[in-house]
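The values are calculated or read from the model by the stated rules, or taken from the named source; none is laboratory data. Only a predicted model underlies this, so the values are computations on that prediction, with no experimental measurement involved. Using ideal geometry, Cβ is built from the backbone for each residue, glycine included, and neighbour counts are taken over all protein chains shown.
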Amino acid sequence: MVEPKRIDFRDQIAKNKWKSIFLIFCIFIVFLILGYVISMATDPSYFFVIMILSIIISILYILISYYNSDKIALASVRAKEASRTQYKQYYDLVEGLTLASGLPMPRLYIMDSPMINAFASGRNPQKAVICVTTGALEKLDKKELEGVLAHELGHVANYDIRYMTLAAVMVGMIAIISEIFLRSLWFKSSDSDNKGNVIFLIIGIALAILAPIIVQLVQFAISRKREYSADATSVAFTRHPQGLIGALKKIQKDNVPPEKKVSKAVAPLFFANPFRNLGSTHPPLEDRIKALERM
């Protein structure tokens, strides 16, 4: 039996970053195509108004979320700040990883849940927070917990919150443009001077329906690539993948029911999908384990 080719964690990080950039570019292309078709189906100045409105609404919404991402995420799961005396190992592991990675010390929180999980948030390393579940602290050994914490610090080091915010802005703009365009069709005069653009109008309607779905799928793909990058960064910080592999295998075997208090908005932040379905925001655990075993 031929042994699978080994993967260098540095190559894995670089490859997934380039794939993420390509996927962002794909969202931008969908935005341009949608804009072109709508402008051809209607008055170009009308599309300009739609675009300006969508940009303002999308950016305002995302900026509020972005600058308060840590507070929103922590409040949504009712997390509490971790006590250094009560959770000494938690603090010691994160401090050791920050020394190894050169990152500033994040604020540490605890989420009361039997699931093995964790998440990181914050708009930059200086504002970062890490939250782990009580289940992770109870069920993972020291090396496994270190692997999970290094994964979350990987998200911080890779500026994944900032990157996913950019994707969310673009996805939001496309969704808003599509919504405004489709709703405006109810108020358009049937005898307008767009009779020669019926084909573009039909294509515009189809794109306005399909584009938000397509870019949402692309956004999920970006999220999956960032998970692979964070796994590889965890190996870069710890220099051994076995801890993270052990944590992922324990999650596979853990039969705790899905976490009900986690909203879909913050689910992509988590180390593992909290809903335990074939969720689009996380790669399958089996694939993550296989990639780590080759490092």
- Residue identified as more than 30 Å from Ile55 (Cα to Cα) and either free of Cβ contacts under 8 Å to residues at least 60 places away in the same chain or buried (at least 24 other Cβ atoms within 10 Å of the Cβ) (or both) among Met105, Met115: Met105
- Message: Which of the helices (runs of 4 or more DSSP H) found entirely inside region 126-215 contain at least 1 residues meeting this: of a type in the set (Gly, Ala, Ser) and modelled with pLDDT of 85 or more?
- Response: 134-139, 142-157
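Rundown of residues vs (1) closer than 30 Å to Ile110 by Cα; (2) modelled with pLDDT of 80 or more; (3) acidic (Asp, Glu), yes/no style:
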site: Arg6; (1), (2), (3): no, no, no
site: Phe9; (1), (2), (3): yes, no, no
site: Ile13; (1), (2), (3): yes, no, no
site: Tyr46; (1), (2), (3): no, no, no
site: Val77; (1), (2), (3): yes, yes, no
- Item | Search result, residues across region 253-273 that are at pLDDT 75 or above and part of a loop (DSSP other than H, G, I, E, B) | Asp254, Phe271, Ala272, Asn273
- Task: Sort through Ile29, Ile56 and tell me the only one that's surrounded by fewer than 14 Cβ atoms within 10 Å (Cβ to Cβ), modelled with pLDDT of 80 or more and either farther than 18 Å from Gly122 by Cα or more than 22 Å from the chain's Cα centre (by Cα) (or both).
- Result: Ile29
- Query: Among the residues of region 153-175, is any touching a Leu at 6+ places or on another chain (Cβ under 9 Å) and farther than 30 Å from Ile56 by Cα?
  - Reply: yes
- Of the residues that sit in region 69-101 and are assigned to a loop (DSSP other than H, G, I, E, B) and in contact (Cβ under 8 Å) with a residue 12 or more places away in the chain, which one is surrounded by the fewest Cβ atoms within 10 Å (Cβ to Cβ)? Arg78
